[in-house]
Amino acid sequence: MDRGRLALSLIALAAALALPFVAGPFWTGLATQMYIFGLLALSVDLLLGHAGLFSLTHASFFAVSAYTVAILQVRYAVPTTLAAPAGILAGTLLAAVFGISVRTRGVYFILITIALGYVVWGVAHRWSSFTGGDNGVTNVPFPAIGGVGITSHTQYYYLVLAVILLCALGYRVLIRSPFGLGLRGIKASETRMQSLGYRTSAHLYAAFVLSGALASLAGVLYVYYNRFVNPVASSFPISVEAALMAIVGGSGTIIGPFLGAGVVLGLRNWVSSFFEMHHAIMGAVFIATVLWAPDGLVGIAARLRARFSRPKEPGP
Amino acid sequence: MLTSAILQAINGVSLAALLFLLASGFTLSFGLMRVVNMAHGAYYLLGGYIGLSVAQKTGSFALAIVAGGAAIAVLGYFIDHFLIRRTGENHLAQVLLTVGVAFVLGDVALAIWGGDNLMVPAPKFLKGSVVLPGDVYYPMYRLVMIFFGVFVGVVLWLLYKKTQIGAVVRAGVDDREQVNATGINVDLLFVMVSALASFLAGMAGVVGGAFLTLYPGAEWEILVYALVVVIVGGLGSLGGAMIGALVVGLLDAYGRWLLPEFSYFVLFGPIALLMLFRPRGLFGKEH
Amino acid sequence: MNRLKKNVSLHGAVALLAALGMSAVAHAQTGPIKIGVLAPVTGPLATPGKDMVEGWKLFWEQAGHTAGGRKVEYVIADTTCNPDQALTQARRLVHQEKVHFLVGPLCGHEGPAVAQVSKETGVPLVMDAAGADTITKWSRTPSVVRTAVSASQIGHPWGEYMYKELGLRNVTFIGQDYTWGHEVTLGAVRSFTALGGKVAKMIWNPIGTKDYGPTIAGIPEDTDGVSAVVVGADRVRLFEAWFNFGMDRKKKIYGGYWLHQDVLPQMDDRAIGLIGNSLNYAAGLQTPENIAFTTAFAKAYKRLPSWFGESAYTAGLWTKAAIDSINGKVEDRDAFLKAMRTVSVKAPRGPLKLDAYDNPIQNVYVSKIQKIKHPVLGDILTNVPVKTYEGVSQFWTFDPKDFLARGPYKR
């Protein structure tokens, strides 16, 4: 089993490395987006899949970091080596502020994060003398360190791939650490964890800030890919879609959010090319996932595997 | 300056009246059934469009209001029965599911009524303006809307506080087990409250469509306002929805006027703070 | 001088081609010409988007879907009036649909995003409708030409009109808070204040402002006129709010960019007599070209075209003229762009030609809303020109170098 999974991972990695050579710029671009939004979905899922908190404000961290990078690079000609960390820092600081929303649980947490998300969107949208309003910030350069820089979307694809692989490894370590197990414990039963002496709110707060930092990293990757940012990046649909990606792919897993991002983005690009009602299709995916595949693609795969392995068991 | 301040106050209250129509249904269905229905904005839009078609065919605004409300009540019933009910009390699933429903409804509305910006035709006597003291002109329609909002509020309050059904609903909001124990048909009660909530949303669409106009995307804009109203007032509280609508309407009007660049901040900032210190809103109860 | 020469040689080529007849074009073909059209089919500007798509379709139906002896196909992609989506769709059209060139987008702030794709890939972009000034001023791209209008190009005459013809001195400006709104409004402010006019107040509203009550309540008492630059769904809301608040009895409002043809069906007789627009097109224009165009449009779609419809139609006319002149060889991007820059077009809205900065020199019409008897549609509200500014440049009367040195209009 483990050997099979290793082989599968290697095949996937080889496919990812070969993609720009076989598939051309459109698919390479789509895959880059899939990695970036997959990372955003993964950050949402740290709270959703591991701690049971459904945040609808993650577009805020994503956008604040993207805006920070864009404004620093375009208006103040700050180099990537400073702008990118500044972006992550700005998004993480915002997460540290918004993190106090872990004082609430359940539906109240969902609603407060929606309201917080709208504060950020409103500022991006209306404070146009600073953010550029609806126009956003254009002409963001490709990232460059020292004299060496990215010059094409293909090169950028590999950079993003490397970053998300590192993130995935770090994430794996995190969720298997005592910290990650603590989160799972809180998700299962907060009162029990409290009686065991856990300061659950502090635990959740730390998870929220970490998750915000990850979303900020996705924001940095996004702005260098799109080379443009406007208030849409901070909008409610981005937060909803990130959660949807995590759930469609398989919440609580690492590969799930990326698979989900692939499904959602692929579907949107593909369907919108021939069918006008693409929002309805997305809506149908939401509904179908909730009703029939709450464990997402990963869950479906597990079910299929279980079904195929069953005939080997001895009959009654 | 003073005239402007007064005008803004009336503007705020008239927006509040509309928001109350929408938020009261949302808050009731949460209070009783613990349903968070993100499709409420789509109900508003669809109700408005249906009312528009009825008004164009029959020329009657009153009929449009009733038809918009009734059509959405039926639709709401089916969505509730066949989709939302299946999520149990999993709010996460409810939010995702109803967002999906809203996407589908929005696209269906777009396919039928197109992307144009449409206005529900208000009757002749509601058009034009009223002269208020101090030579201030104010739209007749919006003044009447304030009265309509108050009227609906009073009717709902009477239903809630003075009738037997209301008593059961109140009991249900406080403690559902208790209602189950009294032998009342809870399913029927849920259907009725859910239909009422949908009816209010559809009706709000017709009323709002006559001054805010109807267009694709209106469902999300209005939903966020309604959500904030409910957050401020406290989920499940009718009085809270009324106070919340006033707070949101006035903050919105004054924010746009005095600090246009930060109007969303003026609106959502204090509300986010409020949530931190009173997570259940002004009148919300512990659940 | 140089340009003139090119023009002559081009005409020579066309004449030669005509002499050779169809045999010359017959063997140059490699399948159909594929054009990517970026339009907001859904979203807040869906109505103008529909006009754009239908104006474009009408032209190619009339032209029999051929240009330069080749079949013409087009793919329409929905930008939803969102720069992010416009960017994604433009990349899709280029990489996936492999279009020969792009036409569009419509919304001003989508312009720079799509131009970026043209810059990345070298695929020519014929910018239709999106009016961001910078595209033909500060951030020009060799592969981008504009066939519609530059935002402040219509704003400058509007400021002069308010001062000289309307006699206004202290104006409140209501503007939509994004590129197009800023540039039209501030262009008008510049020419208006240059003549000595004063700005009473500027009021900016984002696209999709629900309630114009606060805006109206904020208009200063001492202003002698209000200039409106609003787009999309906001146009009706401002119109209704204006009358409902009884402002028609107190103040005068004038549309610098407001009552376009696509929104008039939702308005009533209260609109009659209002100055609706200062624009490069007015559907009520009485030229043979425009009468032919509006009649065909009215027959096909049972309504009159707005400037978006005319602009897309003209983009078709213009690209076809260019394709014809290079014998259909759109694969040669440089030749196609050169042809776009050199041909001159007699469009429904008047004669057109690109200036040295790739923006058309064209008439600007200040128009008034009138009810006319249309041969196809009967009684209908439309924009009737009351003043024509002929051959307006995007730099108005200013020197291009000074204009460019001054930088873009920003609020």
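The values are calculated or read from the model by the stated rules, or taken from the named source; none is laboratory data. What you see is a predicted model; the values in this text were computed from it and never measured. We place every Cβ from the backbone using ideal geometry, glycine too, and count neighbours over all the protein chains shown.
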- Task: Collect the residues in segment B:3-39 that are out of contact with any helix residue (DSSP H, G or I) (no Cβ under 7 Å at 6 or more places or on another chain) and away from chain C (no Cβ under 11 Å), keeping them in residue-number order.
- Result: B:30, B:34
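Let's see how each residue does on (1) away from chain B (no Cβ under 14 Å); (2) closer than 28 Å to residue A:254 by Cβ:
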{"site": "A:109", "(1), (2)": "no, yes"}
{"site": "A:130", "(1), (2)": "no, no"}
{"site": "A:158", "(1), (2)": "yes, yes"}
{"site": "A:166", "(1), (2)": "yes, yes"}
{"site": "A:200", "(1), (2)": "yes, yes"}
- Message: Would you confirm, using the coordinates I've provided, whether residue C:159 is over 20 Å from the mean Cα position of the chain (by Cα) and more than 30 Å from residue B:141 (Cβ to Cβ)?
- Response: no
- Query: Which members of segment C:153-174 meet the condition of being of a type outside the set (S, T, N, Q), without any contact (Cβ under 8 Å) to a residue 60 or more places away in the chain and under 30 Å from residue A:136 (Cβ atoms)?
  - Reply: C:159, C:171, C:173
- Message: Out of A:80, A:57, I need the residue that is among the polar types (S, T, N, Q), surrounded by fewer than 23 Cβ atoms within 10 Å (Cβ to Cβ) and in contact (Cβ under 8 Å) with a residue 40 or more places away in the chain. Which one?
- Response: A:80
- Message: Return the residues of segment C:366-381 that are in a strand (DSSP E or B) and either touching a Cys at 6+ places or on another chain (Cβ under 7 Å) or surrounded by fewer than 19 Cβ atoms within 10 Å (Cβ to Cβ) (or both); say none if nothing qualifies.
- Response: C:370, C:371, C:372, C:373, C:374, C:378, C:379
- Task: Can you confirm whether segment A:91-104 contains a residue that is of a type in the set (Ser, Thr, Tyr) and under 30 Å from residue B:34 (Cβ atoms)?
- Result: yes
- Those residues of segment B:100-134 which are more than 17 Å from residue B:50 (Cβ to Cβ), surrounded by 19 or more Cβ atoms within 10 Å (Cβ to Cβ), more than 21 Å from the chain's Cα centre (by Cα) and of a type outside the set (S, T, N, Q), in sequence order: B:115
- Out of B:170, B:142, which single residue is within 13 Å of another protein chain (Cβ to nearest Cβ) and basic (Lys, Arg)? B:142
- Query: What number of residues within segment A:179-211 are touching a residue at least 12 places away in the same chain (Cβ under 8 Å) and part of a loop (DSSP other than H, G, I, E, B)?
  - Reply: 1
- Message: Residue under question is residue A:267, and the condition is that it be away from chain B (no Cβ under 12 Å) and among the aliphatic types (A, V, I, L, M); does it hold?
- Response: yes
- Item | Residue satisfying condition, being over 14 Å from the mean Cα position of the chain (by Cα) and assigned to a helix (DSSP H, G or I), within set A:48, A:53, A:6, A:40 | A:6
- Message: Out of the residues in segment A:209-227 meeting the condition of being of a type in the set (Phe, Trp, Tyr) and surrounded by 24 or more Cβ atoms within 10 Å (Cβ to Cβ), tell me which one is nearest to the other protein chains (Cβ to nearest Cβ).
- Response: A:222
- Query: In segment B:11-54, what residues are more than 27 Å from residue B:186 (Cα to Cα) and in contact with a Phe, Trp or Tyr (Cβ under 6 Å, 6 or more places away or on another chain)?
  - Reply: B:19, B:49
- Message: Can you go through B:251, B:259, B:246 and tell me which one is modelled with pLDDT under 85 and surrounded by fewer than 24 Cβ atoms within 10 Å (Cβ to Cβ)?
- Response: B:259
- Run down B:43, B:77, B:49 and say which single residue is of a type in the set (Phe, Trp, Tyr), surrounded by fewer than 21 Cβ atoms within 10 Å (Cβ to Cβ), in contact (Cβ under 8 Å) with a residue 12 or more places away in the chain and more than 14 Å from chain C (Cβ to nearest Cβ). B:77
- Query: Out of all the residues in segment C:34-79, which are part of a strand (DSSP E or B) and over 27 Å from residue C:234 (Cβ atoms)?
  - Reply: C:34, C:35, C:36, C:66, C:67, C:70, C:71, C:72, C:73, C:74, C:75
- Message: I'd like the residue in segment C:215-269 that is polar (S, T, N, Q) and crowded, with 24+ Cβ neighbours inside 10 Å and, out of all such residues, is modelled with the highest pLDDT.
- Response: C:227
- Message: Here are the criteria: (1) within 11 Å of chain C (Cβ to nearest Cβ); (2) surrounded by fewer than 16 Cβ atoms within 10 Å (Cβ to Cβ); (3) within 15 Å of the chain's Cα centre (by Cα). Tell me which single one residue B:208 does not satisfy.
- Response: (2)
- Message: As an exercise: evaluate residue A:92 against (1) within 14 Å of another protein chain (Cβ to nearest Cβ); (2) of a type outside the set (A, V, I, L, M); (3) buried (at least 18 other Cβ atoms within 10 Å of the Cβ) and give the number of the one condition it does not meet.
- Response: (1)
- Being in contact with a strand residue (DSSP E or B) (Cβ under 8 Å, 6 or more places away or on another chain), farther than 16 Å from residue C:150 by Cα and either in the same structural domain as residue C:162 (by TED's automatic domain parsing) or part of a loop (DSSP other than H, G, I, E, B) (or both) is the filter here, so list the residues in segment C:329-365 that pass it. C:330, C:344
- Which residues, counting only those in segment B:213-234, are among the aliphatic types (A, V, I, L, M) and either more than 9 Å from every other protein chain (Cβ to nearest Cβ) or surrounded by 24 or more Cβ atoms within 10 Å (Cβ to Cβ) (or both)? B:214, B:218, B:222, B:223, B:226, B:227, B:228, B:229, B:230, B:231, B:232
- Message: Checking the conditions here, which among A:68, A:113, A:28 is touching a His at 6+ places or on another chain (Cβ under 7 Å) and part of a helix (DSSP H, G or I)?
- Response: A:28
- Task: Could you tell me whether any residue of segment B:163-170 is farther than 30 Å from residue B:219 by Cα, of a type in the set (Gly, Ala, Ser) and at pLDDT below 85?
- Result: yes
- Test for residue B:21: is it within 14 Å of residue B:228 (Cα to Cα) and of a type outside the set (Val, Ile, Thr): yes
- Query: In segment A:229-246, which residue that is surrounded by fewer than 24 Cβ atoms within 10 Å (Cβ to Cβ) and within 11 Å of chain C (Cβ to nearest Cβ) is modelled with the highest pLDDT?
  - Reply: A:238
